[in-house]
Structures are given as C-alpha cells and as structure tokens.
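The values are calculated or read from the model by the stated rules, or taken from the named source; none is laboratory data. Computed from a predicted structure; not experimentally measured. All Cβ positions, glycine included, derive from the backbone under ideal geometry; neighbour counts span all protein chains shown. Please note that ligands, DNA and RNA were not included when accessible areas were found on the heavy atoms of the full protein model with its side chains. Shrake-Rupley method; radii C 1.70, N 1.55, O 1.52, S 1.80 Å.
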Amino acid sequence: GNGARPLLLIGVTASILRDGKTLLDGVRQLRVEAQRKDRIIDQQQRALDAEIRHAAVLEERQRFARDMHDGIGGQLQGLLMRVRANRVGAGDIADELQSGLADLRLMVDSLDQPVAALDLALDNFRVRAGPQLDAAGITLHWTMAAAIRDATLDPRATLNLYRILQEVVANCVRHARATQLEMVFALSPTGDRLEIAVNDDGCGFASSANAGGRGLANLRQRAAQLGGTVAIASAVGAGTRIALSLPVSRLASQL
C-alpha cells in the first residue's frame, strides 16, 4: 500500500493538470469567441450609427425643403399673385420682402448647429433683430438669465423659437408705435421651460376675442406647436405684455 501511494499521487496530480489545461483551453476559446462577438457588435453599431446619421441628414433636408415651401415660398407666391393683380402697394411689397429675408436668415441660423445652446441661439436672434428695431426707432432692453446656458434646443425648436420672437418684434414694429421694447428670458425653477416676458410702451389695443389680428394668432399657433403657452394682455394707450412659456432640454441630458 505504501508503494502504491506515490503512484496514486502522481496520477491525481496528472489528472488535475490535464483538467486544468482543458479548463484553460476552454476559457481561451470563450475569450476568443467573446472578442469576435464584440467586433461584430462594434461593426453593427458603427453601421447603425451611420444609418442614423444618414436618416437624420435626410430628415433635415426634407424639413428645410418643407420650411422653404411652406414659409418663404408660400409668402413670395402670395405676394406675386397680389402684385400681378395690382392689389398691393410698394410699401407692403417692401415689408413682405423684408419679412421673407428675415425668415430665410432665421432658417439658415437654425441649421448652423445640430443642437444649439439656448443662450447662443438667443444671442444670435438679438443680433438679427437689433437693426430692425433701430430702424423703427425702438430701443431694445434685453435681459437673459445666466441659467439659460444650461439649456439646449434642437434645430426644429430653434427655428420655431426664432419665428415666435420674430413675430413679437414684427408686431411691435408694424403696429405698436412703441419706442421701448423689453424682452426678458429666464428658465423655470425646474429648468425645463423657457419663460419669456415681453413688454412694449406702444399704443396697445382693446382686449377682445379677435384682438391683435393675424400676427398674435400666429404667435399662439407657433407656441402651441412647441408645446408652449402664451398669455397676451393689452389696453388702448397702455402698451402690450406677452408672457410665453416654452419647453426646452437640459444640457446635461444631451451629454
């Protein structure tokens, strides 16, 4: 029995080594297979990312084409028909062409950045609106809260915001007979809504269901398209106050 014990130990040791080698070979094969699958997943992810980018570019081109057709295209077509029918004056032609150019610039601005920082988008609008207000003799008082740096907008929302603000400025220039326009921008306490307060010292108008005409109706419609709300208060000789609340995205959610 004592003589057989070393042979038994040798056999057990050899068996353990053999099983250990088999186990290591299996682990190596699993590692190689896992690496192969990781490469396949990575290739599929890159292909999917490329497809998503292509679809996003295509969607953006289609959006731009729709905006051109429905926006400035429709505006110019309507103006052309009225010119041919001799139903529009030179002053109205100039105003509508100016409005069309402003809308085209806003469209281009909205495409500059795939996801725009809200404060930069607003600064860009102020640069655009400044000369228009100066030419009308209106002083702009602009206040923007620092917290707005933490919010972003996608190109579609940026364009809609630009058009809302342009509608506000255009109404003030065309109808208010104002000398002062105040625009205040802040984020809601939850940080997910842009709060805009607009006040002018113009002639105002009587409150009624149809007060403000098509311009303020457009303002309400554009705000609704963004999931926002608008409140308008005015009285003859007392100026106009507009309060807008629009949803925005937090910058942290984009990282």
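Filter segment 33-65 down to the residues that are aliphatic (A, V, I, L, M), open to solvent by 70 Å² or more (accessible area, probe 1.4 Å) and either in contact with a Phe, Trp or Tyr (Cβ under 8 Å, 6 or more places away or on another chain) or at pLDDT 85 or above (or both) and list them by number. The one that is aliphatic (A, V, I, L, M), open to solvent by 70 Å² or more (accessible area, probe 1.4 Å) and either in contact with a Phe, Trp or Tyr (Cβ under 8 Å, 6 or more places away or on another chain) or at pLDDT 85 or above (or both): Ile41.
Number of residues in segment 151-168 that are open to solvent by less than 10 Å² (accessible area, probe 1.4 Å), outside any helix (DSSP H, G or I) and of a type outside the set (Ser, Thr, Tyr) equals 1. Selection within segment 169-206: residues that are assigned to a helix (DSSP H, G or I) and more than 28 Å from Ala146 (Cβ to Cβ). The member of this set that is modelled with the highest pLDDT is Ala176. Within the option set Leu79, Leu101, Leu9, being at pLDDT below 80, assigned to a helix (DSSP H, G or I), over 17 Å from Pro155 (Cα atoms) and in contact with an Asp or Glu (Cβ under 7 Å, 6 or more places away or on another chain) holds for one residue only, Leu79.
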